[in-house]
Amino acid sequence: MLPFLNAESENSKKYTIAFRGLNYGEGWQDGELSDCKNLGSHMFPSMAQSFGRSLRGEYTDARTLFVKDGLFVVAGGKLYYNDAEVGAVSHGARMAAVGNYVVIFPDKKAYNVETGEFSDMGVHLTVSNATFTDSAISVQAGGLSAFKAGDGVTIEGCAEHPENNKTAIVRSVTDNTLTFYENTFTAGQQAGYITISRDIPDLEHICESNYRLWGTMGNTIYGSKYGDPFNFQVFDGLSGDSYTIDVATEGDFTGCIAFGNTVCFFKENTLHKLYGTKPSNFQLVTTQVNGVKEDSERSMCVINETLYYLGVHGVYAYTGSVPELISPNFGGRMYRYGCAASDGERYYISMCRPYDMTWGLYVYDIRRNIWLKEDDTQYVDIAFCDGCIYLLSEDGKLERVDPTGIQSEIEWSATFCPFHETVNERKGYSKFHMRLELGVNAWVAVEIRRDTDTKWEEVYQTHADYTLEGALSGLKDRRTVSLPILPARCDSVEIRLRGKGECILRTFIREFFVGSDV
């Protein structure tokens, strides 16, 4: 008697109970995504939508966000502080705070958050008929009260006594007289015009550390006088003096930031790290590491004693030794023009793929090591203020990310990496099972694409089913659904979920049978 063969094949099941982040590369795990939109990791291991947003304002020619006892916005050639216009700036690309002052470069402007004063950082005064003594300069026309005691000023234009052309430190000020140390000048009358100035270097990258303003210009690092961001030429032999040092490494500086008790000055492949608290013990240590990408200075963000930034090969985490690449799941994708901020748990970064100029807002969950993408909007800056993330888009919209915000209008999608089920034979899918929780007015659809098909096929769609009492009480529509699928043999299958509104996916089960090799 011949053996009896059962024509029915037993179905197998694969369970996805942990929904992970993006993986644009190879070697993906079950539950990882090849693409997504408006997903958040706050419900991990379940899948959920990103936090809600609200529109906080609209601007023209938006440029910069900055936080110092409130929110600064630079847009349309104007500086706004807590929604009020406080001054005019031409660019306002870089800002830093020292004490009560917020400084804006390359405009070299300063705003005092306590007094509301908006002013130039430097002073440039042209005077005539100046009288020099060995320790003072006097003018009849006045105007010298623009300076203050402790300023390092540069005198130029002295023709009768050229040795008086120098930089010296002001000891006291009246409107008609600047007093210096004894034997600073050669006494005499200067009939022509001279200039007296407190100059500010054209700093390209700036930050604050230990109550000093730090910055770079060319291959030079500058540190301001202690507690005084308006003075870079005070060399009095004291611990509060200004500081300047040149470096000989190749390439341009790409950013600087205070990190712990040091200041980090980055180039794309170099880190200059400044140790010390005063000019007499400042020490600059240089290492060859993956630094900050050009035009991505604003991607730098310190979170829990770790510095995150966009570098040449992706996003890095730096704890003080060697930067670690934390975006290997991006595969070979390169990015630039990064700007970022953090709420303490998540790192929000907007960046661009240069080869096709496509933008994306990506969110990295620090604790869970998960990357997700929220949208394709081009954001020019991101900031964290009053417990919320603020996003300033290229079209001038200022949005606030609110963890308690309404999610009913959020459109979302999740495309899983192809499922091979670790089976070499061809397969046929017969059912999908999902455990869902749907908010009011939410809906979700399931689409599949087999092997090399180019079109997605929608196989299921469901909407939230609520009673009036349930909707008013805030209860979610909890359900387990089974989706019968028309069997079609394939080597792999892609699954995309998309929907609108609040949806929590707890589990996703695939039921399939195994066929032949061909």
**So TYR364, is it under 19 Å from MET47 (Cβ atoms) and either surrounded by 22 or more Cβ atoms within 10 Å (Cβ to Cβ) or within 17 Å of the chain's Cα centre (by Cα) (or both)** = yes
**Residue that is most open to solvent (accessible area, probe 1.4 Å) [pool: residues in the range 169-196 that are within 48 Å of the chain's Cα centre (by Cα) and touching a residue at least 60 places away in the same chain (Cβ under 8 Å)]** = TYR193
**Asked** Does VAL289 qualify as being in contact with a Phe, Trp or Tyr (Cβ under 9 Å, 6 or more places away or on another chain) and open to solvent by 40 Å² or more (accessible area, probe 1.4 Å)?
**Response** no
**Request:** Could you pull out the residue among ASP236, ASP241, ASP228 that is among the acidic types (Asp, Glu) and in contact with a Phe, Trp or Tyr (Cβ under 6 Å, 6 or more places away or on another chain)?
**Result:** ASP241
**Item:** Enumeration of residues in the range 19-44 that are of a type in the set (A, V, I, L, M) and open to solvent by 20 Å² or more (accessible area, probe 1.4 Å)
**Value:** MET43
**Some residue of the range 45-52 being at pLDDT 95 or above, assigned to a strand (DSSP E or B) and buried (at least 21 other Cβ atoms within 10 Å of the Cβ)** = no
**The lone exception for ALA445 - which of (1) assigned to a strand (DSSP E or B); (2) over 24 Å from SER50 (Cα atoms) it fails** = (2)
**Prompt:** If you take the residues of the range 197-224 that are over 17 Å from LYS109 (Cβ atoms) and of a type in the set (Val, Ile, Thr), which of them is most open to solvent (accessible area, probe 1.4 Å)?
**Reply:** THR220
**Item:** Options ALA141, ALA110, ALA130: the member that is part of a strand (DSSP E or B) and either in contact with a Cys (Cβ under 9 Å, 6 or more places away or on another chain) or surrounded by fewer than 18 Cβ atoms within 10 Å (Cβ to Cβ) (or both)
**Value:** ALA130
**Complete:** In the set GLY92, GLY150, the lone residue that is crowded, with 19+ Cβ neighbours inside 10 Å, assigned to a loop (DSSP other than H, G, I, E, B) and on the phi > 0 side of the Ramachandran plot is GLY92
**Asked** Applying the selection to the range 328-344, what residues are over 14 Å from TRP371 (Cβ atoms) and either in a loop (DSSP other than H, G, I, E, B) or open to solvent by 30 Å² or more (accessible area, probe 1.4 Å) (or both)?
**Response** GLY332, MET334, ARG336, TYR337, ASP343, GLY344
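The values are calculated or read from the model by the stated rules, or taken from the named source; none is laboratory data. All figures in this text were calculated on a predicted structure; none of them were measured in a lab. Ideal geometry is used to build each Cβ from the backbone, glycine not excepted, and the neighbour counts take in all protein chains shown. Surface accessibility is based on the protein's heavy atoms, side chains included, excluding ligands, DNA and RNA. Shrake-Rupley method; radii C 1.70, N 1.55, O 1.52, S 1.80 Å.
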